[in-house]
Every structure is written in structure tokens, then in C-alpha cells.
Number of protein chains: 4
Amino acid sequence: MPTAASGRYFLQVPGPTIIPDRVAAAMAMPALDHRGPVFSAMAARISNDLKAVFKTRQPVMIFPSSGTGAWQAAIVNTLSAGDKVLIFETGHFSCLWKTIAIDLGLDVTEISGDWRSGIDANVVEAYLRADERHEIKAVLAVHNETATGVTSDIQALRRAMDNAGHDALLFVDTISSLCAMDYAHDAWGVDVTICGSQKGFMLPPGLSFTVASEKALERCKASNLPKGYFRWEPMIEAAGNGLYPYTPPVTLFYGLRESLTMLQEEGLEHVFARHARLAAATRAAVAAWGFDIQCRKPSEYSSAVTAVRLPEGHDADAYRAIVLDKFDMSLAAGLGKIAGRVFRIGHLGYMNALTLAGALSGVEMGFEAANIPFERGGVLAAMEVLNQG
Amino acid sequence: MPTAASGRYFLQVPGPTIIPDRVAAAMAMPALDHRGPVFSAMAARISNDLKAVFKTRQPVMIFPSSGTGAWQAAIVNTLSAGDKVLIFETGHFSCLWKTIAIDLGLDVTEISGDWRSGIDANVVEAYLRADERHEIKAVLAVHNETATGVTSDIQALRRAMDNAGHDALLFVDTISSLCAMDYAHDAWGVDVTICGSQKGFMLPPGLSFTVASEKALERCKASNLPKGYFRWEPMIEAAGNGLYPYTPPVTLFYGLRESLTMLQEEGLEHVFARHARLAAATRAAVAAWGFDIQCRKPSEYSSAVTAVRLPEGHDADAYRAIVLDKFDMSLAAGLGKIAGRVFRIGHLGYMNALTLAGALSGVEMGFEAANIPFERGGVLAAMEVLNQG
Amino acid sequence: MPTAASGRYFLQVPGPTIIPDRVAAAMAMPALDHRGPVFSAMAARISNDLKAVFKTRQPVMIFPSSGTGAWQAAIVNTLSAGDKVLIFETGHFSCLWKTIAIDLGLDVTEISGDWRSGIDANVVEAYLRADERHEIKAVLAVHNETATGVTSDIQALRRAMDNAGHDALLFVDTISSLCAMDYAHDAWGVDVTICGSQKGFMLPPGLSFTVASEKALERCKASNLPKGYFRWEPMIEAAGNGLYPYTPPVTLFYGLRESLTMLQEEGLEHVFARHARLAAATRAAVAAWGFDIQCRKPSEYSSAVTAVRLPEGHDADAYRAIVLDKFDMSLAAGLGKIAGRVFRIGHLGYMNALTLAGALSGVEMGFEAANIPFERGGVLAAMEVLNQG
Amino acid sequence: MPTAASGRYFLQVPGPTIIPDRVAAAMAMPALDHRGPVFSAMAARISNDLKAVFKTRQPVMIFPSSGTGAWQAAIVNTLSAGDKVLIFETGHFSCLWKTIAIDLGLDVTEISGDWRSGIDANVVEAYLRADERHEIKAVLAVHNETATGVTSDIQALRRAMDNAGHDALLFVDTISSLCAMDYAHDAWGVDVTICGSQKGFMLPPGLSFTVASEKALERCKASNLPKGYFRWEPMIEAAGNGLYPYTPPVTLFYGLRESLTMLQEEGLEHVFARHARLAAATRAAVAAWGFDIQCRKPSEYSSAVTAVRLPEGHDADAYRAIVLDKFDMSLAAGLGKIAGRVFRIGHLGYMNALTLAGALSGVEMGFEAANIPFERGGVLAAMEVLNQG
């Protein structure tokens, strides 16, 4: 198909997301001495601006790692070998949390889920009430399950923990929610928030972010897991003085500075509203095509990614390969137990109405190209939504 | 509207067109000595590869100027003060040719047109037959009228000139056609072909290209117009040895080298087929919306740009302002006597199906936002076309 | 020599000069609609800031051309066929002015010079006094002869013209002086100032600049030379409203905006002082090596470029080839009648002490590599100068 | 000082090093789906080419981390809590190895050193012979101590271990040696080699590299340290199939691909020769200035970095601040117990003769500016060396 042989590649996976030209240009500036005054000044400004994004007064730690590294850091800094943690199975990424936690020597209790719903706070509350000796040291939650497009109500979870009178820490993975949906580390009473650079921050992968509450920091003292690279303490100091314990990824810092500026210019509330509308438009398209999305409850819809369920008998990966080949667009795969069953449309980060409309056009044309029965009109339905406001 | 506050800007004017990231990266390389061996080698390769694009064996001259400069060069190198030239009024850009020609002291005969049709070769033939003393020294033609999206049949024009037995030179402006539609300087018997960098070449503005036939070069000897900056002779030498008479825009040369590589990789015939399909999809959308396009005859449809006529009583510029504000997309204005009456959708250069689908979605949503009555379904109709092949 | 196989290329020619990373990054931003509001706003800011650089209240015209184009524009907008102009032979570039002027049909009187001195204002005054009928319509001067590194005293020239009571226009080429040495279009009473983008402006080649006095604009009315592409009038309008008569090189405008910001940040007076010191250091090195420079008088030394005279019997071009091959540094050639006799060291634009010291080291090592007898210690002498202040 | 207000920043620290424009341009390309075919193909090529750089047939693991992360990975994948390891104190970075090892729960024996010499293989051999029960599980060595500019003879260390008949693993940190000095993982019998991206690889920080011998991989089975993020197994698989266990830093992969291409184009042996000459020139300068370097033995000189000892009573950090302020050059600080006592000149990566000469000029001028007594002539002496070959 000649029309895919030139022109812009459409990257519609929920991370890495499109890197804005401004950010790419910032990252192309010359490397500098990470122990010098220019770097320090930049790091100080980043430190300050990151707090606004996480809605916290605590320092924001920056590790040179993927988001998975921040998961590990959360565990090794606050917990000890054999500690019990509770995790609710929301999808592939909650399962990865579980795997990491087990790998690091924790005793993990997983509440099974259907991969189509968020965390049931009542069930968590029941588990915690039953844990009379408070052996559960932490509850691990994914704010937005990137694999399913299902969000969980973190404030409800916090209330459930409070209702149970339990002192477990609350860890929240905001890797694919931050800068796409509202989030408030302090106000929501979260103990450890972790995130990565390659989604709502509109950066390449390579940085992870961590915010710890005073309570979480207090727990560090008793933690006996080996920390090493992921020790929080020097990173908290670095958030204050710009002196990192090992070489920080300086060019990603340049990009982060620019990305934070862009978020400020747009305004976080506008950023969230934009994502909400793009997501609503996507769901309108899916409904018009006659397909289900993976997320069952409207209250749990994701503003960042939508997982679309294909009719039985159609392989989502074969479909995605056709779309990539014919339209030069990457859609995201179903992961884990829904591999081949769903495909996912990322609509977060540097994304707007026309880019999404183009992407949804590719999705719609792809159905026909792949001989998947569907109703026409998805893009039309999306335009109805995009044209509001 | 929050969805336009972030994400990629849609540049749907027929030049400057979207600059591919590869080309932008190439142009960001360090400047170099334009009299050194590295530049010479690059210039030699460019010289060679440009011939394939113009389908000529003649050297391709490169001036640091906009395409208008190449128009001027064509005139001052081959003609003399008071020479008669014949021009067919196809639209705003043929009128600019006329203006330049008059400004340079030529005696211009313009065959009036309706801005909705291409050159009528029979009419030209009649004019030439009537010019028994062969006072007309050149016929000036625009291959693709950027202002109207109407092409002219250059081969028919050549035949008409031959039928008339007239020895006037044939000048052709391919500024918005080259690399979007087929063109063959040698085979079509053109005497002077001119072009610019900022359309099908996918480069920023700043370079113009010129090819002259042996016959045109022969005419230089008798030309008495002042040439100066636009003298062909040193530029022809430069095309051979890479030594330019004044500093060449070295970073645009970097970009040109990359652009030529991209055209080679895709293959010119595929480039033309891609543009033809994108244009057909655009026209399908316009028809579905219930609007006319400026071009009357299917045989004269442009693969590069489509001018859409809005219903009477609607101001195309007000509409375009809404689209820009709400969807961050630039559509092109109507120019000259169709200002406010039409808007134009550029679909040439680094353009593919999904980008165009996104753009057409913006056009369609814009009608509603601007309260212009239209039939829904334009994007759907475009998708039918884009999904073929 | 392995040490040249990697690392930064040294570009020590007096244009194109090194493009700052900030400028390169600015130029990599996406192209935009040159008829839209974003471009207009940028163009307005550029228009305003350019005036400060030229020290003028007049509008600054921007042509998409090399500096040579601005020369031509100066002539065709103010003069008529057969007009007499006076030019002082300062070097290769004054000769190019002469060539262009003759090519455009002027009657050129050239006062011969030795290529080692600037304009002798007394001689000019004598010529003007002798021109009792005021047939000389313009005096053409090069502020800094790029080919020789010799400047001319424009204020003295102005006084000479005034002393002679002659009403000829004063044209000044500041292509390699602006942003390197002080210049003041208004205060110095210049009628037409022309410049280019690729030297003190730290941009790629592709733009030329022109400022015209009220007197020069008045003369336009009587001028009968064909103007076309180089007509001033629409460019003066464009300087006011951002609407260009043909597509402006938008990415070069991005770069220009950034370059003007950099000049403001440093401050023009500091820019001049920096260049003065770099030039003094270069001359100190040349003196220490035991060589002469082309410029005879200290009052005429150039802050932008230094032309070094090699001992008789040594070919400067062979020497430059060795330096390029062995150290990946481009030095500039001798041009015209001093070809092979001198080489030139450009030290203008984005240039600082350490880059210059590195360059001078390459020059010094090159003498040994090329078996040219010299005294050691040039770099040492340069360091003495660079370390002051 | 005006000469530092513009022009290229000199980054003469031993990492991050200067990023070549080609690499920066490669990294500015659009992000892509890290699970798609384009990324897989790139990862496969990188995997293959990295082997040549490490001179190994083993897979090269790439972690999104600084080099410190690779240290940790080496430990947690092969060792168990309480295992004994032997480390030779060569400087600040061997001490960091020690700190990490202790932090991860190992029992570290450190052989004290003077920070001016490399590893004494005889001493290591004696320690190993004394360890009759083979309780020492690994010997940790830094190939090039970035903090002192002292290298250690890894082949001698290997022989010492063999002579002792000891089966401890040999871990080698090549963070600042690889791509600057010869290294051969397989031929030298190293068990775990680790490296980072921001030095000889000419990339920004953000990637670490690891190669493990068959013996090291065998030891993984018995290792009981928590691995999590740094588990080798999935990274070895990723080296084979391009499927990473968590999001790889895709833009750094782009840069790595380009960097590997540049290393191939120059040829590794030429890369080493270039670094050797640059280092020799630097030492010649230091000797001429009358200062000592930190490294005592010529056989242990580093090709990557030279640590210069200032005379007693002079604060190296105050000196460096003056150089940064006056010449916009970053020199590296003394670290740990030689802080303030030495400064370091990085001369690795994208570095050539003229850049180094410029840097050494800044060092020399800085002495005067800082009122540190020195002999003139350092740059002259360096030029003698740089001009050879």
C-alpha cells in the first residue's frame, strides 16, 4: 500500500509515547558535567516542578531505570524479607508487581481478579480486617492497568485501609496514569507513588520517579532487604542538592525540564480534560464498531489507554500486524492471559484530536483489511465527541 | 478546546510541507566549508540524483532562493527586454509569473482563464499560429496551479506548440507538482523547468531548482536582460564541480541529500501512486460533504492540493481560523480572486493515509464548529479510498 | 593520523560559521504555515530585534538569498542602467561587487588597491570632487573584506563624501563584519547596508539582510533596472506585517529568532569585545610564528578573519589540505589574486577562547606537518592575549 | 571574560563525554513500539555489534541503569548473602564497588592501596593462596580507575588467579576503559564485565552493559540474593530476541546503534591508538607544567583520563571553578580522599587533537588565572605528541 511508505509513523501504544519536538530538541543539547552548577540549577528546578505534578510536598526521587526499578525500590527500601504484602490482580502489570515482590523474597497474597475491573476496595478491607496481627506490611495497587485500560479508585482504597484500621503502607503504580488522569500523592494518603518517564511525561524511557510519605520513610529504618542501586536515601538527598550517587541521565533531565514546562503551559487540569475527551472519543468509536472494551465499569474507564476486545475467532496480533504493515501504526498487544484477545489503543501524552482521529481511522480501515466484521462509523462517533467543548 | 493544546500540529498547506524527521536531523549536522572536499562530494551526488527526479540528462541548477527566483532566472537568462511571452491564466501563481515577467520588462500576452481549468492547448496553438513572425519567445505554464489544485497537460501543450510550428521556448513551473505527480523534462520537450524545495521535496523553503534544455541554453547568448545573481552559467558549472559562485545553503543541501535518498527508497512511481490515492481520498471526502472542488475536470485533478469551494455566504478564512484555533491545523487560504471563497487542503510531500484521515477529520469537525451546513461522511468516504490497494 | 578520525570538526572559515546547538535545535522544529498567526508573531519579533543589530530605525528586509542577492537588490532598487558607481578595490569581494554591478549594466569606476589596505577615504573624496556633475550615483564599500581581513573606516568614508558635497548613495557590505565588529547604519549615515546569515549571525547560509535609508528609498522611484525577485517594496511591507511576497525560509527564521536572542543575552558590546580579543590572539600567534598578515595597518585589522601570508615558495592550499586531512580543520583559501599565497583563519560567530586555541594549535602543528619553516610559540602568544580581561 | 560568553562548551570530564552530532541526531528520531519488528531488528544488530566491542561470543546484556546498576547485577546474579569477595583499593570507584557489595550483604575483604597504583596481582595471588577453603567467591577489579587515571593489568590478575588455583569469579569494571583502551572479555578470561554508555560509547548516561562467562552463568544457579530488576536471565533472552522484560530506553538504543557504527568506521584499533596519543599528549603537557600526575607507573597510565596533582596549598576545586567561569570548560573533580588535591582531564570518547589542544590551553591559562605557579609550555609539549604519526 503506497500510502504507508512515507509520512509520519503513528505510535498508539501506551508508552513509549510520542516525544514532542520541543522535548527531542532539548535532549539534543550537548551533554554537561553532572557535578557542575548548570546541572545543579536544572535539577533544582526539576525537583521543584515535579512536586506539583505528583501533588506532594515530599521530594521526588529520580532513578535511572524503567518504572520496574521504582517498583523494586519501593519494596527494598520499606520492607524486609518474608514480609507479607497484599496485591489485587487487576491485570498483567499487577502480576508483574507480584512477580517482582516474590522475586525479592516477599510473601505475596494476591486477590484474584477478572482483568476487567479495578481493585474492589471492600475486598481489600476484608482482607485487612482479617489480618488482625497486621502482618500485611503493604498493599500494592496499580492506578491504571496499562494492560487493560482499567483504573482503580485509589481514594476508595485508602478509605478501605483506614476503615480497617490497618497500618500497611499503600504503594501505587501511576506509570500510565500520571499526567493523564488526576492524582494526588499527599491528599490521597498514598505512601509510595512510583512512575516512569515514557508515558504521560512524553519522554523516552529511562527515568523512574518515586515519592514516599513520611510514614514510608520511617519504615525504611527497619527494612532489611538489600538496597544498593535502589537505595532511596541518596536519591532524596539528590532531589535536594542535585548531587546524584551515580551519573544521572543528563539528556533525559533536559527533556524532563522541557516536558514539565509544557505541562505547566497547558495546565494540569487541562491536560486531564484533554485526555478524558480523547478517551471518550475512543470508546465512542469502539461502541460504534460494535465491539466491547476490556473495562466493564464506566467509573473505571482509563483516560490513557483503551483495550478493545475483538470478536471470538479473530487474532488481535494478526490484526495489529496488518495495521502496522498497511498503515504504519503501532497498536499495543494484549498481554498475559488476554494476549491475542484484545488490542490496545494508547491515547496519552503528546496526543490531540486530529492525531487520534487519524489513528482511529487506521483502526477502522484495519478491520476491513483484516476481514473482521464491524459496523462502520467509529470515526464518525469519535468526531462527535472530539468536536465538543 | 483542550484537545488542541498538545500533540502534533497538522500542516496541511501545499508548502511548506511537513519536514521528515530524517531530513530535519540531517540538517542539524554541523556546517562545513562549502569549498572543501566533503561538500564537493555531497554536491556531486545531489547533482546526479536530481537528474532522476526531473527525468533529464541536463544539469540541475540550484539557486539559494524561493521558487520565484527560479522564475526570474528563466526569464533573464533566455529573453531580452521587450520580448513577447504568452501565458495562460490558470490561477494566482500564473498571475505571479505574469507580474514578474512584466516587472522584468517583457511584453506579456495573457490568455484569460476561469481559475478552474488548466491550460487549453488548442487556444495556445491558435495564438502561436497567429504569431506568424514568431515574436512570442516563450510560453509560460504552471504544471500544477497551487492556488486551485488544477493541473495542466504539459505534453498536450508541447504538441500544440509543435503543431503550430513555433519555436517559442516552453517554461514550466513544477513547484507544487514535482515529486507528487509524474513529470519528465526531457521526454516532454520542456525548455525550462523550475521548482522549489518546500513541497514535494519535503524540505524547508530556501532552494530553487532549474533545468534548461539545450535550446534554452542556446538562447542565453542573445539574451540582454541583466542576470547577476540569477545567471545560469556559474550554476551549471557548480552542478558539475560543486563550486558555487556564492555561498550555497549547506544545511539545505544536507536535507536535500536525505530527501533524495527517501525518494529513491520509496521509488518515484510509488511516490506518485501514493499522492494519487491521497488526492482521490480527499476528493471523495469533499464530494461526500456535498461541496465542489475548484477543479472542474477529472483529467486535471491535482495530486498535490485540493481547493474546496464553500457554499455561498460562508467565509473560508473565518472557517480556517476556527480550524486552526480548535484543532491546531493549518489549511491554506484561497488566494487572489478566490480569496475567502475556497480553502485548500495540501496533501503532498511527507504525507500518508492516517495523517490525511486525521486532517480530513479536522476539516469535517470544523464545518460543524463553524456552522457551515454539510453532509456527514466525508472521512468515511475517504477511508474507502485509502483502504484500497 | 588517528586523532582526526573522531571528535569535533573545526570550521575556521569566515562563513559558514559554527551553528550553535541552540540554533540548530530551533531550526529542527516543524515547518509551519508562513501565512498563519504564529509565523506573523515570530516575524514581527525578528523585525524588531534586527533593528537593534543594525542600529537603525529603518525596517530590515530579509531576502531568501545569499548576501550576493542583497548586493544585487541594492543596485536594482536604487540605480538605473548606465549609472556610474565608484568602488574601491579592497579585495576579492569588492571585485565581486564590481562584477555584479557591471553585469547589471552599471558603469563602474574602480579605484585600484593593493588588497592589503582598506578604503582610502581621501582618494574617494578626490574622485567625488572631480565628479562635478554628480554622475556617480553610488559608492560601494565593503566594511570587512572577508578575503583579506582588512576593514575600512566607514565613518571616514561618510565624512569624505560629505566633505566632497556629493549626493551619491553609500552602499556598505557588512556580510562578514556585522555581529563581529561595531556597526551603526543610522549613526554612520549609510544609505544601504547589506548582510548575510552565515557569519556573525551564526546561521546557515540562506538569508540576506538589507537596510535602506530614507534617501535610498527616495531614489527607488527613479530607478529603472528590472527588480523582480529583489524588489524592496514588498520586503519592506513584509518587515512590517510578516506577509512575504513568496515563501520565506521558515526554518531559517526559527534559527534567526534564536540567534538574535543569543546576541541579546551576550550583549552586542560584549560580542564585539569577544571578537576583538579572539582576533588579537590570532594576530599574536601569527606574529610569533614569524609570518605577516595580509592587513598592513593596525587600525584596519579585522575582528572576524585573519589572512596569513606564507613564506614565498609555500603553497597555502597544499598546507590547508594537510591541515584538513590531519586535523579535520577547514581553514579558508586565499581568493583571487592571493590564491595560494595566503590562508585565512575565521574567528567569528560562535567562537570562544578554547575553540580558537585548539584551532591555532592545528595551524601551528600544520606548519610542521607541511614542512613550512616557522617559529614555535604562536599558541603560547595567543594564550597571553586570551587570558587577559 | 567575554571570550567564554559564546562558543562551544568544553566538556573534559571522563563521562558524560561529548555526544557526537550523529548520535544526537539519531536519538532525536521518533520513539517507536519496543515490541514491534523495527525495534527487534535494531536490537538484533546492536546485540551482534556489541560482541565485537567486548571481544566476546557471549551475549551482551543491556540494562536501563547507570553502570552502578550493572555492578549490582553482577553481584546479585552470581553470589549469595555473606559470600566473601576480594577487592583491591585502587580509588574512589573501587570503594564504591565495596560499598555496594557490603550494602548487598557480602563479606568484603579490601586490599588497601595508595590510589596511585593499579592492582598488584602478586598481592591478590597471595590472598587467594591463603584462602585455602576457597571462601572468596569473586575478585572485583576496576580496569581503569576513573578517579585516578590508573589502569590495572587484567591479564596479570587473571594469571595470578590461575596461579593460585582459585576458582573465584573475576569481575571487571570497564566503565571508563571500554572503547578507549584494548579489552577482551573472552581472551582475558574475565567472568563478568560491566560497562556504561556515557564514556567510550559516546552516549548519554542511561544504559549499562554486562557480559558473563559460562562459568559466571553457572554460578547463577546457586545465588540466593534477590535479583528482581537486575536479573540477568531475561536480559540474556532479550539480547537474543529483542524482547525486553520492561521498557528499554529506545532512544538510547538509536544512539547506541549509531555509536557502534562510528566505532566500526574508525576501527577499534584506531580508536585505541587515538586515545593513547591524546593521553600521551596530556601527560606531556602536565610534565611540562611541572606537575605530577596521580598515576605513578607508566605501565598503568590511562588513555581515558589524567588526574593532575596541584602543588600543595592550591585547591583544585577553586581552580576548576575559575576555569569553568572563565573558559566554559568543565574539568573533573578529585573524588574521595583526593578531593581538592587533584583535578582530572577527561580525554575519551568523541575527542580529537584540536579539541584536546584547546582544552589543554584552557588548563594552562587557568593556572595563571588562578595564580598557581607553573611552567609555561604544556600545550607546546602536547602539540609535539599530537603532531606525530
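The values are calculated or read from the model by the stated rules, or taken from the named source; none is laboratory data. Being a predicted model, the structure only gives us computed values, none of them experimental. In this analysis, Cβ positions are derived from the backbone assuming ideal geometry, glycine residues included, and neighbour counts consider all displayed protein chains. These area figures cover heavy atoms from the full protein model, side chains too; ligands, DNA and RNA do not enter into them. Shrake-Rupley method; radii C 1.70, N 1.55, O 1.52, S 1.80 Å.
Couple of notes before you dig in:
- Average other protein chain Cβ within 10 Å of Cβ, residues A:325-335: 3
- Diffusion constant of region A:215-254 at 25 °C, which comes from Stokes-Einstein with the Kirkwood Cα-pair radius and 0.890 mPa s, µm²/s: 211 µm²/s
- Counted over region D:108-237, the DSSP beta bridges are approximately 45% antiparallel.
- For chain C, the longest principal axis of the alpha carbon atoms and the long axis of helix C:67-78 meet at an angle near 20°.
- Entry for region B:239-279 at q = 0.21, 0.22, 0.25, 0.35 Å⁻¹: log10 I(q)/I(0) = -0.75, -0.77, -0.85, -1.07, Debye formula applied to identical alpha-carbon scatterers, no solvent contribution.
- For the segment A:361-369, counting C-beta atoms of other chains within 10 Å of every residue's C-beta and taking the mean gives 5.
- Helical mean residue ellipticity (222 nm; -39500 (n - 2.57) per DSSP H run of 4+; nearest 500) of the protein assembly as shown: -13000 deg cm²/dmol
- Around residue B:330: net Lys/Arg minus Asp/Glu count, Cβ-Cβ under 10 Å: 0
- Considering only D:258, D:214, D:125, the Gaussian network model of chain D with Cα springs below 10 Å gives its largest mean-square fluctuation to D:214.
- Solvent-accessible area per residue in region B:22-264 equals 30 Å², computed with a 1.4 angstrom probe and all protein chains kept.
- The relative contact order of chain C comes to 24 percent, based on Cα pairs under 8 Å that sit 6 or more residues apart.
- Rounded to 5, the percent of DSSP beta bridges in chain A classed as antiparallel: 50 percent
- In this structure, the residue pairs whose Cα-Cα separation is over 22 Å, taken from B:51/B:84; A:227/D:227; C:98/C:137; C:84/C:215; B:137/B:221; C:297/C:337, are B:51/B:84.
- Where the alpha-carbon atoms of region B:169-327 are placed on the principal axes, they occupy 53, 34, 32 Å, in descending order.
- When chain D is turned onto chain B, the axis of that turn runs closest to one Cβ of chain D, and that residue with its distance in whole Å is D:25, 2.
- DSSP finds beta bridges in the protein assembly as shown, and of those with both partners inside it, around 50 percent are antiparallel.
- Region B:1-97: C-alpha pair distances exceeding 17 Å, %: 75 percent
- Principal semi-axes in Å for region C:68-195 [√(5λ), Cα gyration tensor, largest first]: 19, 17, 14
- For the residues A:337, A:227, A:199, a GNM of chain A with alpha-carbon springs under 10 Å puts the largest fluctuation on A:337.
- Pseudo-label separations to other copies for residue C:312 - Cα-to-Cβ vector, 7 Å, nm: 6.0, 8.9, 10.1
- Whole-number D in µm²/s for region A:133-234 (Stokes-Einstein; Kirkwood sum over Cα pairs; 25 °C, 0.890 mPa s): 167 µm²/s
- Rg/Rh for region B:282-363, where both radii come from Cα atoms and Rh is the Kirkwood radius: 0.93
- Whole-Å distance, taken between Cα centres, linking region B:83-98 and region C:1-59: 35 Å
- Per the Debye calculation on the protein assembly as shown with a single equal scatterer at every Cα and no solvent contribution, log₁₀ I(q)/I(0) for q = 0.04 Å⁻¹ amounts to -0.28.
- At 1.567 mPa s and 4 °C, Stokes diffusion of region D:22-264 via Kirkwood alpha-carbon radius, µm² per second: 72 µm²/s
- In the context of the full protein assembly, residue A:38 retains an accessible surface of approximately 100 Å², using a probe radius of 1.4 Å and ignoring ligands and nucleic acids.
- Shortest-first nm distances, residue D:112 label point to equivalent points in other copies (7 Å, Cα→Cβ): 6.1, 8.4, 10.4
- For region B:57-124, the Rg and Dmax computed from alpha carbons only, in angstrom: 13.2, 36
- Normalised radius of gyration (Cα atoms, divided by 2.2 N^0.38 Å) for region B:149-206: 1.23.
- Computed from Cα atoms, the angle from the helix D:316-327 axis to the main principal axis of chain D rounds to 70 degrees.
- Ellipsoid fit via the Cα gyration tensor, region C:336-389: semi-axes of 22, 16, 9 Å, each the root of five times an eigenvalue, largest first.
- Helix A:121-130 and the long axis of chain A differ in direction by around 30°, with both axes built from C-alpha atoms.
- In nm, spacing of pseudo-spin labels at residue C:162 and residue C:384 (7 Å Cα→C-beta vector): 4.0 nm
- Between copies, the label points of residue B:234, set 7 Å from Cα on the Cα→Cβ line, lie 2.5, 6.1, 6.4 nm apart, reported in increasing order to one decimal in nanometres.
- Inter-part distance where region A:263-285 and region B:135-153 are each reduced to a Cα centre, Å: 47 Å
- Cα centroids of region D:307-351 and region C:158-237: 49 Å apart.
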